[in-house]
1. Considering 35, 52, 61, which residue is over 19 Å from the mean Cα position of the chain (by Cα) and part of a loop (DSSP other than H, G, I, E, B)?
2. Check whether at least one residue in the stretch 116-131 is within 13 Å of the ligand (Cβ to nearest atom), assigned to a helix (DSSP H, G or I) and not charged (D, E, K, R), and report yes or no.
3. For the stretch 1-22, give me each residue that is without any contact (Cβ under 8 Å) to a residue 24 or more places away in the chain and in a helix (DSSP H, G or I).
4. Keeping to the stretch 256-304, report how many residues are modelled with pLDDT under 75 and more than 22 Å from residue 44 (Cβ to Cβ).
5. Please enumerate the residues belonging to the stretch 138-161 that are among the hydroxyl-bearing types (Ser, Thr, Tyr) and surrounded by fewer than 23 Cβ atoms within 10 Å (Cβ to Cβ).
Amino acid sequence: MLRHTLLWASTNPLLAQKLPRYRFVQKATKRFMPGETRDDALAECARLGKGGITSTVTLLGENLTSLDEADGVAEHYLATLREIEAHGLETVISVKPTQLGLDFGVDEARTRLARLCDATSSLVWIDMEGSGYVDATLDIFRSVKEEQGNVGLCLQSYLRRTADDLESLLPLDPDIRMVKGAYNEPHAIAFPEKSDVDRSFVTLTQTLLRARKNGGTGTPVLATHDPRMVAETNRIAYELGLDRDRYEFSMLFGIEREEQRRLAREGYGMRVLVSYGSAWFPWYMRRLAERPANLWFVAKQLVG
Ligand SMILES: Cc1cc2nc3c(=O)[nH]c(=O)nc-3n(C[C@H](O)[C@H](O)[C@H](O)COP(=O)(O)OP(=O)(O)OC[C@H]3O[C@@H](n4cnc5c(N)ncnc54)[C@H](O)[C@@H]3O)c2cc1C
């Protein structure tokens, strides 16, 4: 119930306008983002790198009102790629198709994504947004993967369709980041029970790791903070005889930090996603929805 309320709040424009003005809300976001600027994010990536942890950066913001804004986002990411290279960081970018103009047409987002891929030899990751965007996002991924090659895609285990989507993508040797999924989706489209979402995550992980074992070149990225998913992934890899450097884990900045360090210390690939930008409200509400106990942290900022 609380999760649904928070996810509803994440899409409410009035709340998005009002709540970020409160200082206690601003302070509470510090737990999930090192700061609002690109410099804040890249400084954190440099710090993580010193501890053997690679990183992904993402500029917060979703649906846009004009294509000029999409051009601004693309230019911002091009500058970010230059900064990453200048500082020799092991950092990649992850972008939302709607930020690149998807609401104005598939070609708008595809063209801007292709420009980003052209500007780097590293992977450019595509975030997966709400279920209404999945078909278009898969189309964009397929065509940019065929043309440019250096693109990775996020898939969500809560969607009933994802097993079929993954099967259809495997011939492309894709780099896939598997997550459980963060949006409010109807039961007809997404599993309502957490146990089914978890089971689906394990099955999809098995498919990805098996493809890797059978010679696939795409690196499976298991993006979860769930210790049971981490343990299941390692168990499957062990049973397949897949070395720990053939897949990686990914977590969000500020969540399960000790686990991030432990996995890196033990020789697993660990990539932390660092978000930044001023349009953090919907994203922050989704983080609260994932763990409503985080509301206590917000409450503490209010009284403290
Ligand atoms: C690198 C990365 C990229 C992502 N990209 C996308 C994307 O493109 N599209 C998309 O829909 N979703 C994305 N997500 C979010 C994802 O879908 C989940 O909502 C999120 O990761 C929580 O699921 P979980 O697997 O950690 O498991 P859960 O079962 O939700 O959580 C397991 C445990 O992890 C800890 N935990 C999880 N979330 C939080 C939190 N917010 N605060 C504090 N503790 C927490 C808690 O201890 C919890 O008990 C991404 C997540 C990561 C890590």
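The values are calculated or read from the model by the stated rules, or taken from the named source; none is laboratory data. Keep in mind that this is a model prediction, so the values were computed, not measured. Reconstructed Cβ throughout: ideal geometry from the backbone, glycine too, with neighbour counts over all protein chains shown.
1. Answer to the check: 52.
2. Looking for residues that are within 13 Å of the ligand (Cβ to nearest atom), assigned to a helix (DSSP H, G or I) and not charged (D, E, K, R), one finds at least one in the stretch 116-131, hence yes.
3. 5, 13, 14, 17, 18, 21
4. Residues meeting the conditions: 9.
5. 143
A quick yes/no check of all residues on (1) closer than 23 Å to residue 202 by Cβ; (2) of a type in the set (Asp, Glu); (3) assigned to a helix (DSSP H, G or I); (4) away from the ligand (no atom under 16 Å from the Cβ):
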{"residue": "134", "(1), (2), (3), (4)": "yes, no, yes, no"}
{"residue": "139", "(1), (2), (3), (4)": "no, yes, yes, yes"}
{"residue": "142", "(1), (2), (3), (4)": "no, no, yes, yes"}
{"residue": "145", "(1), (2), (3), (4)": "no, no, yes, yes"}
{"residue": "149", "(1), (2), (3), (4)": "no, no, no, yes"}
{"residue": "152", "(1), (2), (3), (4)": "yes, no, no, no"}
{"residue": "163", "(1), (2), (3), (4)": "yes, no, yes, yes"}
{"residue": "168", "(1), (2), (3), (4)": "yes, no, yes, yes"}
{"residue": "177", "(1), (2), (3), (4)": "yes, no, no, no"}
